[in-house]
Amino acid sequence: MCWVGEANNRKIAKEDIKTKKIVESIGGCYLAYYQKWFGYELGKTYTAKISPREWVNADTKRVIDVGLHSYAWDMEVKRMCGGDIKVKSLGYLGGTTTFINRHSPLSPNYKIVVVECTIPKGTVYWENAVGEIVSENLIIEGEIEIEDDCNFC
């Protein structure tokens, strides 16, 4: 996943920040949706050093590839028909991101889930205008229930 946002948007969490993350669950093991090699355990703190790079065409933008990605707590997330999960962006930029539920007969326990996360107080993080967050520390707290809505777009 690639984060894009304002260059001067680096922040330090003044208190714990609650976020959401979409992950794959296979029999109780949680895997990052975009980076299948990265697994998560509930309650463990994960750390990744953020090194933003400059946007090629503008001095005011940054791109962050490495870091712990999540979504703002107030972003709308719903389960579509067929098990896909859709996230609706915040702000005027709008739009949605769909996470495809890749069912496989080889993995009958596979599903996409939403987990509650915490960015701990004192953590360096960046948040863009649409509610995408990348942080240097993240704790996966546990699965959360989301609403089913086949017409969500």
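The values are calculated or read from the model by the stated rules, or taken from the named source; none is laboratory data. Computed from a predicted model, the values in this text were never measured in an experiment. All Cβ positions, even for glycine, are placed from backbone atoms using ideal geometry, and neighbour counts span all protein chains on display.
Here's the yes/no breakdown for (1) at pLDDT 70 or above; (2) in contact with an Asp or Glu (Cβ under 6 Å, 6 or more places away or on another chain); (3) of a type in the set (Phe, Trp, Tyr); (4) on the phi > 0 side of the Ramachandran plot:
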{"position": "Ala72", "(1), (2), (3), (4)": "yes, no, no, no"}
{"position": "Tyr92", "(1), (2), (3), (4)": "no, no, yes, no"}
{"position": "Thr97", "(1), (2), (3), (4)": "no, no, no, no"}
{"position": "Pro105", "(1), (2), (3), (4)": "no, no, no, no"}
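Screening Trp126 on (1) modelled with pLDDT under 85; (2) assigned to a loop (DSSP other than H, G, I, E, B); (3) farther than 21 Å from Ser25 by Cβ shows it passes everything except condition (2). Scanning region 8-30 for residues that are assigned to a strand (DSSP E or B) and touching a residue at least 40 places away in the same chain (Cβ under 8 Å) yields a count of 14. Scanning region 129-153 for residues that are modelled with pLDDT of 80 or more and touching a Cys at 6+ places or on another chain (Cβ under 7 Å) yields a count of 4. One residue stands out among those in region 112-143 that are closer than 23 Å to Ala13 by Cα, touching a Lys or Arg at 6+ places or on another chain (Cβ under 9 Å) and aliphatic (A, V, I, L, M): the one that is surrounded by the most Cβ atoms within 10 Å (Cβ to Cβ), which is Leu138.
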